[in-house]
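Chemist: One structure is given below, represented as structure tokens, and several questions about it will come after.
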Amino acid sequence: MESRTYFEAQKWARKELKDSDIDPFSPQFLLKSYKNWDDTHLLLHNQEQMSEEEWSWFKGAVARLLNHEPAQYIVGQAPFYGRIFKVNHNVLIPEAETEELIEWVLESFSSDQPLRVLDLGTGSGVIGITLALERPKWKVTLSDISSNALRVAEENLNVFNLNLRTVESDLFQEFTGERFDLIVTNPPYISRADVALMDQSVLKFEPEIALFAKENGLGLYRRIFSEAHDYLSADGAIYGETGFDQEKTIQKLLHQVDAKAKIEIKHDIANKMRMVHAWNFSSVGGN
């Protein structure tokens with residue numbers, strides 16, 4: 001029987017990935033996720049022998065990495081805001097920029113405010129679930145156009161023992177007559193013209209429906225801004241994630257749609273514009 005220690009397995013994986021563009025720390029992530037270990041426990045177990053089943057799984061997982069499949073999909077989970085969420089190919093892998101969006105929202109509203117919140121285009125549910133856990137007084141609803149994505153969000157609700165409403169909806173279609181104090185969204189915002197700039201792993205494995213939008217990536221935002229007035233409370237606001245190259249175009253779009261609305265942009269830790277805050281919506285067209 002072929003036998004390896006956890007240390008030897010990692011050394012083998014580094015050699016396999018040496019000439020690729022794959023994150024060299026991915027094998028460690030695979031092992032830690034598979035064994036439910038942190039860095040310390042991986043180090044403590046480094047000289048132990050892997051079982052035949054573990055070694056077989058690990059070799060297969062590294063082969064999937066070499067096919068540019070994200071490690072998070074391979075293990076079926078991803079870290080976000082200090083917690084572990086279930087993910088699969090029906091949802092995007094949560095990114096650090098979205099954690100910064102969460103921080104902006106939490107900094108903007110006190111924990112004492114019992115807000116009605118809509119996580120619009122929830123995917124795996126990381127935004128809405130994190131807000132609900134950080135702000136227990138908030139009444140959070142998760143919505144998505146994809147029933148497959150909502151199933152993942154519901155699995156995560158079960159993981160965190162939360163009972164939040166989930167709604168399958170094309171943006172606001174199923175929310176007639178409802179109003180929210182806060183809408184948080186990470187909608188599709190990538191233009192198909194930017195495909196050449198994207199990682200192979202994203203193009204091959206992440207869901208297209210959650211990535212691309214018309215109008216150079218701003219088609220969904222046009223719809224959101226156009227309809228927001230009918231679904232926000234009097235002092236309601238939208239917080240959303242956007243593309244790094246949309247700083248000027250998204251501001252122009254908002255004022256085309258609603259001349260009276262206000263918008264604030266925010267850069268991420270890398271000083272790239274990635275977030276917007278929009279409020280003071282009037283009727284469609286700014287009338």
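Chemist: Given the condition under 20 Å from Gly128 (Cα atoms) and among the β-branched types (Val, Ile, Thr), answer yes or no: does some residue in the stretch 194-215 qualify?
Modeler: Yes; the residues of the stretch 194-215 include at least one that is under 20 Å from Gly128 (Cα atoms) and among the β-branched types (Val, Ile, Thr).
For every residue, the table says whether it meets (1) within 22 Å of the chain's Cα centre (by Cα); (2) open to solvent by 10 Å² or more (accessible area, probe 1.4 Å); (3) of a type outside the set (Phe, Trp, Tyr).
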{"residue": "Glu206", "(1), (2), (3)": "yes, yes, yes"}
{"residue": "Ile238", "(1), (2), (3)": "yes, no, yes"}
{"residue": "His255", "(1), (2), (3)": "no, yes, yes"}
{"residue": "Asp258", "(1), (2), (3)": "no, no, yes"}
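Chemist: Right, next: Just to be sure before I move on: is Ile269 within 30 Å of Pro114 (Cα to Cα), part of a loop (DSSP other than H, G, I, E, B), of a type in the set (A, V, I, L, M, F, W, C) and out of contact with any Ser or Thr (no Cβ under 7 Å at 6 or more places or on another chain) in the structure I sent? Give the steps one after another, and end with the answer.
Modeler: Details: within 30 Å of Pro114 (Cα to Cα): yes; part of a loop (DSSP other than H, G, I, E, B): yes; of a type in the set (A, V, I, L, M, F, W, C): yes; out of contact with any Ser or Thr (no Cβ under 7 Å at 6 or more places or on another chain): yes.
Yes.
Chemist: Restricting the first residue to the stretch 189-215 and requiring it to be on the phi < 0 side of the Ramachandran plot, which pairs with a second residue that is among the basic types (Lys, Arg) and not in a helix (DSSP H, G or I) meet a Cβ separation below 9 Å and a spacing of at least six or different chains?
Modeler: Listed by first residue and then by second, the contacts come to Ser191/Lys214; Arg192/Lys214.
Chemist: Please go through the stretch 211-225 and give me each residue that is at pLDDT 95 or above and either touching a strand residue (DSSP E or B) at 6+ places or on another chain (Cβ under 8 Å) or open to solvent by less than 70 Å² (accessible area, probe 1.4 Å) (or both), ordered by number. Talk me through it step by step, then tell me what you get.
Modeler: Step one: list which residues in the stretch 211-225 are at pLDDT 95 or above, which gives 218-225.
If the condition is that a residue be at pLDDT 95 or above and either touching a strand residue (DSSP E or B) at 6+ places or on another chain (Cβ under 8 Å) or open to solvent by less than 70 Å² (accessible area, probe 1.4 Å) (or both), then Leu218, Gly219, Leu220, Tyr221, Ile224, Phe225 are the ones that fit.
Chemist: While we're looking at this one, here's another question. On the basis of being open to solvent by less than 40 Å² (accessible area, probe 1.4 Å), in contact with a helix residue (DSSP H, G or I) (Cβ under 6 Å, 6 or more places away or on another chain) and either basic (Lys, Arg) or under 17 Å from Gly240 (Cβ atoms) (or both), does Thr141 make the cut?
Modeler: Details: open to solvent by less than 40 Å² (accessible area, probe 1.4 Å): yes; in contact with a helix residue (DSSP H, G or I) (Cβ under 6 Å, 6 or more places away or on another chain): no; either basic (Lys, Arg) or under 17 Å from Gly240 (Cβ atoms) (or both): yes.
Judged against the criteria, Thr141 is not a match.
Chemist: If you check Ile183 against the conditions, is it open to solvent by 40 Å² or more (accessible area, probe 1.4 Å), of a type outside the set (Gly, Ala, Ser) and in a strand (DSSP E or B)?
Modeler: Working: open to solvent by 40 Å² or more (accessible area, probe 1.4 Å): no; of a type outside the set (Gly, Ala, Ser): yes; in a strand (DSSP E or B): yes.
Spelling it out, it is not the case that Ile183 is open to solvent by 40 Å² or more (accessible area, probe 1.4 Å), of a type outside the set (Gly, Ala, Ser) and in a strand (DSSP E or B).
Chemist: Report whether or not Ala228 is part of a strand (DSSP E or B), touching a residue at least 40 places away in the same chain (Cβ under 8 Å) and buried (at least 17 other Cβ atoms within 10 Å of the Cβ). Full working, then the answer.
Modeler: Details: part of a strand (DSSP E or B): no; touching a residue at least 40 places away in the same chain (Cβ under 8 Å): yes; buried (at least 17 other Cβ atoms within 10 Å of the Cβ): yes.
Here the answer is no, as Ala228 does not meet what is asked.
The values are calculated or read from the model by the stated rules, or taken from the named source; none is laboratory data. Because the structure is predicted, anything quoted here is derived from the model rather than measured. So basically every Cβ, Gly included, is an ideal-geometry build from the backbone, and we count neighbours across all protein chains shown. When the accessible area is computed, the model is the full protein with side chains, heavy atoms only, and any ligands, DNA or RNA have been set aside. Shrake-Rupley method; radii C 1.70, N 1.55, O 1.52, S 1.80 Å.
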